[in-house]
Amino acid sequence: MFEVVYRWKVAEQRVGDFVDAWEQVTRAMEEHSAGSRGALLIRSQDDPTVFVAVAEWYSEQAWKERLDSLRSADEALRVMQSVAHVISVERFARVSDIRTPGGKAQGGSDGTD
């Protein structure tokens, strides 16, 4: 698996617009790109204008070919670009994943195991 981590600084008054646009862009990639495995968007608790997305791809080549899938989300992409500044985009190779399909890490300490 191949992962891409994006970081944005979002205009405080446009957070809702950013999240809506990110969801539209991500859905377009999932629908129109065979290599997309979905993505996760998280928000900093220390600075609520900072967002991080982790996108999962079958391969780096699939990620590079994703631009064709964005044509169906041009307007949402423009919104993202107008309300947020890209802090960084980093590429990663997965080393380990201990999440279960339900999203809970194995061996949790919440007493339900």
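Just so it is clear, none of the values below were taken in a lab; they were calculated from the coordinates. Note that the structure is a prediction, hence the values are computed from the model and not measured. Every residue, glycine among them, receives a Cβ derived from its backbone with ideal geometry; neighbour counts consider all protein chains shown.
Some notes on this structure:
- 11 Å reach of a label modelled at His32, 7 Å along Cα-to-Cβ, counting backbone N of the stretch 70-90: 70-77
- For the chain, the residue among Leu41, Ala76, Tyr58 whose Cα projects farthest onto the positive side of the dipole built from Cβ charges is Tyr58.
- Evaluating kT/(6 pi eta Rh) at 25 °C and 0.890 mPa s, with the Kirkwood radius of the stretch 2-93 over Cα pairs in the Stokes-Einstein relation, gives 185 µm² s⁻¹.
- Cα-projected label distance for Arg43 with Val89, points at 7 Å along beta-carbon direction, nm: 2.4
- Classification of the stretch 1-49 by its C-alpha gyration tensor yields an oblate form. The axis ratio a/c (a ≥ b ≥ c) is 1.5 or more, and b/c is at least a/b.
- Structure-based [θ]222 nm, the chain - -39500 (n - 2.57) summed over DSSP H runs of at least 4, per residue, nearest 500: -9000 deg cm²/dmol
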